[in-house]
1. Read phi for every residue in the stretch 426-434 and hand back ³J(HN,Hα) as whole Hz from Karplus 6.51 cos²θ - 1.76 cosθ + 1.60, θ = phi - 60°, with x for Gly and Pro.
2. Using a Förster distance of 25 Å, how high is the FRET efficiency between SER139 and ASN204, based on the Cβ-Cβ distance and rounded to 0.05?
3. For the stretch 293-336, what is the per residue volume of the convex hull drawn over the alpha-carbon atoms, in cubic angstrom?
4. Which order results if THR395, THR241 are arranged by neighbouring Cβ count within 10 Å, fewest first?
5. Given H placed on each backbone N at 1.01 Å, which residues far from ALA274 in sequence or on other chains put an amide H within less than 5 Å of it?
6. Skipping prolines and chain starts, which residues have an amide H placed within reach, meaning under 5 Å, of the one on LEU190, given they are 5 or more residues away or on another chain?
7. Could you check how many percent of all C-alpha pairs in the stretch 46-135 are farther apart than 19 Å?
8. List the pairs from LYS5/LYS341; LYS7/LYS294; LYS294/LYS372; LYS259/LYS341; LYS7/LYS186 whose alpha-carbon separation is above 28 Å, in the order I gave them.
Amino acid sequence: MEKRKLKLGTVLMGVGGPGQHNAWLDPAIPTDASVDIWWYIARAQEAEKAKFDFIFIADSQFITADSPNHYLSRLEPLTLLSAVAVHTSRIGLVGTLTTSYNEPFNLARRLASLDHISGGRAAWNVVTSGDAGTAGNYSRDEHFDYETRYGRGLESVRIAQGLWDSYEPDAFPRDRERGVFFDRTKQHALNHKGEFFSVVGPLNLERMPQGQPVIFQAGDSPQGRDLGAEIGEVIFTFQPTIEAAVAFRTEMRERAREKGRDPDHILIAPGISAILAESDEEAQARQDAIFGAKSFDRALAELGRPFGWHDFTQYDLDAPFPDLPDEIGSNSFRSHVEAIKKLARENNLTLREVVQAQIDSGRSPFVGSPIKVANAIQEWFEAGAFDAINFFATTPQDYDLFLGQTVPILRERGVVRSDYESTTLRGNLGLPVPENRHTAARSGSPASNRDDEMATVH
Ligand SMILES: Cc1cc2nc3c(=O)[nH]c(=O)nc-3n(C[C@H](O)[C@H](O)[C@H](O)COP(=O)(O)O)c2cc1C
């Protein structure tokens, strides 16, 4: 059997995401990178040349003046990816779309459109949105609570999967000689009535090249992990150490197995930043310089985000971390809030120390020369810490050195592929193509989309 290969993705964050307050000062980053489609296209083409599996576009829809620079002004993911699609031919296109502020029909249609436009390279990063303030942009007084968010999340994905099966693969003969454009027996309504949504269908778009887009998932609470185990084919996460990463991957594989899934069909893809230079010492010095230059005030303000933009400037920096009531942040990024509170409590930290710890949490375990970083990635991969990495470049220099030197070292060692195996993202990730449920029913084979837990009424 061929050895399992490490899969590669990269998160593109223009002028700098959380904690990257000074990234935009680098002369190698255009100051309008976050809204310049040609910047994304160039990065995607470079990643494609390096045989990456995918580019990854994160998203959110609520900002304040303290939001990270990239968040202040950025392109909508599927609009961006549609443009990248026509300037690339192999690389996967992952868009983050929330189930808390979208209708499933609209999500299913837009994602299927991207899959057609890209010839089978679309993926959906399913999130439920941590920013509670988003509610105010969608005519709602409050963000959905966790149970509702994740309930809607699961139902949305199941509906989308149902809609993607609206047409069987051979529904459109388009035979001019026989005068047969379409076979009406191969079109199926969904007639879904569930807890949160009612969707009749069918979707007005034929079966897509991949059958269905690849489903990514990001959300770390027990409810989030449960959703990931149920529907996620690639799980986006952050894990600080090799031990934590191995434990997370083991847990998610086990959770998937308990749901009746093949654990090899759920790939774990942590976000990994790397700081590179020709020598290890130079790379270490670069990391120290990057972290030394971080703005404490920006980090203090940004600490408020997981807590629903709670204002931490009101507290004494050198007093113990404030004892906040449970309601603050319980409905935003709850898992992150709990981790921060635990860290403060267990180590008796002051507010200043917590802010510093948040700044330092961005420090990477992958710092050094291209070969040192390649060694570390190989070690983590072989220990079972991940199936894929979602690479964050700290600076353009890191992007160039990682793609130009670290990846070729990993390729030479057979850790990553030397060429694409398939024209679709699903094919390159080694994930099965979901069979159309109606075709499966016709042929008597078991449908590969389990919707037994859905209140779907046919
Ligand atoms: C690694 C990771 C990446 C995420 N990326 C996004 C994102 O780009 N956009 C978004 O709205 N939410 C994102 N989320 C947040 C989820 O939508 C989720 O609502 C939030 O983390 C709170 O849920 P949790 O406690 O289950 O993590 C991400 C979560 C994780 C763990």
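Rule-based calculations on the coordinates, nothing more; no lab input. Treat the numbers as computed from the prediction; the structure is a model and nothing was measured. Cβ sites come from the backbone with ideal geometry, for glycine too, and all protein chains shown count toward neighbours.
1. Listing the rounded values in order: 4, x, 5, 7, x, 9, x, 7, x Hz.
2. Working: r = 26 Å, r/R0 = 1.05.
Calculated value: 0.45.
3. Details: hull volume 3.7 nm³, N = 44.
Dividing the Cα hull volume of the stretch 293-336 by its residues yields 84 Å³.
4. Listing THR395, THR241 from fewest to most nearby Cβ atoms yields THR241, THR395.
5. PHE392, THR394
6. GLY201
7. On the way: 1724 of 4005 pairs.
Here the long-distance tail beyond 19 Å is 43 percent of all Cα pairs in the stretch 46-135.
8. Details: LYS5/LYS341 38 Å; LYS7/LYS294 31 Å; LYS294/LYS372 25 Å; LYS259/LYS341 32 Å; LYS7/LYS186 36 Å.
From LYS5/LYS341; LYS7/LYS294; LYS294/LYS372; LYS259/LYS341; LYS7/LYS186, over 28 Å: LYS5/LYS341; LYS7/LYS294; LYS259/LYS341; LYS7/LYS186.
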